[in-house]
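Comments concern the structure below.
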Amino acid sequence: MKNKKDTIILRDNCVFSPNIFKAIKFATKTHEIYQKQKRKHKDIPYITHPLTVGLILARAGAPENIIIAGILHDTMEDGVAEHKVTRAMLDERFVDSVGNIVEGVTEPNKELPWHERKQLALEHIKIINGPTLWVKSADVISNVSEILDDYGHDGDDVFSRFNAPKKDIIANYIAVLRALIKRLEKFDIPLIVDLEGLVFEVEELAIESTPKPTQCFLWWITKQQAKIKK
C-alpha cells in the first residue's frame with residue numbers, strides 16, 4: 001500500500017494539473033454559474049472562449065501559470081457586480097504571476113466609445129511583456145478564428161454584432177494582429193505563424209471574399225516551402 005509521500009510524488013508526475021483544474025472551476029463560476037454569459041449575440045456559453053485560449057496556450061507549450069492565466073483572462077473584466085473578481089482574489093488563489101497577467105489583458109474601461117477602446121488596446125500591445133503577450137496572442141487567435149468561422153456561415157451579418165462598421169472592425173483586427181506579430185518577434189513565443197495566417201484570412205474579408213477553412217494552413221505550407229527553397 002502506497003503511503004502519503006508516494007502519492008504526492010506520483011501526483012507531481014501526473015499530466016493532470018490540480019491548479020489548471022482549479023482555474024477551470026473558477027472561470028466556470030465567473031462566466032457560467034454566476035451569469036450564464038454567452039458569446040456575443042450567440043447561444044454559446046462564454047466559457048468556451050477562455051477554455052479555447054487555455055488549449056491554444058497548452059498546445060503551444062506555454063508554462064502552467066500562463067495556461068492558467070489564459071483560462072482566467074476575462075474573469076476580472078467580465079465578472080458581475082455581486083461576484084466581482086479582483087486582482088487580490090486571483091493572487092490569493094493562484095501564483096502571483098497569474099493575477100499580474102490577467103490584469104495585463106483586462107480592459108480598464110469598457111464604457112468608452114468603440115474606436116477609443118480599440119485604439120487604447122492597440123497602444124497597450126506595444127508595452128506588454130512576454131507572459132502577457134502569450135495570453136493576449138491566444139485570446140486574439142481564438143476571437144479572430146471564431147469570427148472567420150462565423151463569417152463562413154453568416155456572411156456580413158457577423159459584423160452587426162459590433163458597434164462599428166465592417167471596414168473599421170477588419171482594420172482593427174489587422175492592426176492588432178500585426179502589432180502582436182511585431183512584438184512576438186522579440187520573444188520566443190510560437191504563435192506567430194497562427195497570427196500571420198490570420199492576417200492573410202482577415203485581409204480576404206476586406207475584399208469581400210469568404211475565407212476557406214484551409215486557407216491558413218495552405219498559406220503556411222507555401223511559406224514553409226519557400227523557406228526550404230532558399
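Equivalent-ellipsoid semi-axes for region 1-106 (Cα gyration tensor, √(5λ), whole Å, largest first): 27, 15, 14. The simple Förster model, with R0 at 25 Å and r as the Cβ-Cβ distance, assigns LEU120 and SER17 a FRET efficiency of 0.15. Between TYR34 and LYS166, the contour length at 0.36 nm per residue exceeds the alpha carbon distance by 44.3 nm. Oblate is the label for region 41-90, because the ratio a/c of its alpha-carbon gyration tensor axes (a ≥ b ≥ c) is 1.5 or higher and a/b is not greater than b/c. Overall, region 1-106 carries a charge dipole of about 400 debye about its Cα centre when +1 sits on the Cβ of Lys and Arg and -1 on the Cβ of Asp and Glu, all other atoms neutral.
Modelled spin-label separation between GLU203 and GLU92, with each label point placed 7 Å from Cα along the Cα-to-Cβ direction: 4.9 nm. With the Cα gyration tensor of region 152-210 giving a ≥ b ≥ c as the square roots of its eigenvalues, does the rule (a/c under 1.5 for rounded; else a/b larger than b/c for prolate; else oblate) give rounded, prolate or oblate? Cα axes put region 152-210 in the prolate bin.
Exposure proxy shown here: for TRP114, TRP134, the number of other Cβ atoms within 10 Å sets the order, fewest to most, as TRP114, TRP134. Distance between the 7 Å Cα→Cβ label points at GLU64 and ASP188: 2.1 nm. Taking amide hydrogens as placed 1.01 Å from N in the peptide plane, the amide H of LYS38 sits under 5 Å from those of TYR46, each at least 5 positions away in sequence or on another chain.
Where a number appears in this text, it was derived from the coordinates with a stated rule and is not lab data. It should be emphasised that the depicted structure is a prediction, and the values quoted were computed from it without experimental measurement. Virtual Cβ from ideal backbone geometry, glycine too; neighbours counted across all protein chains shown.
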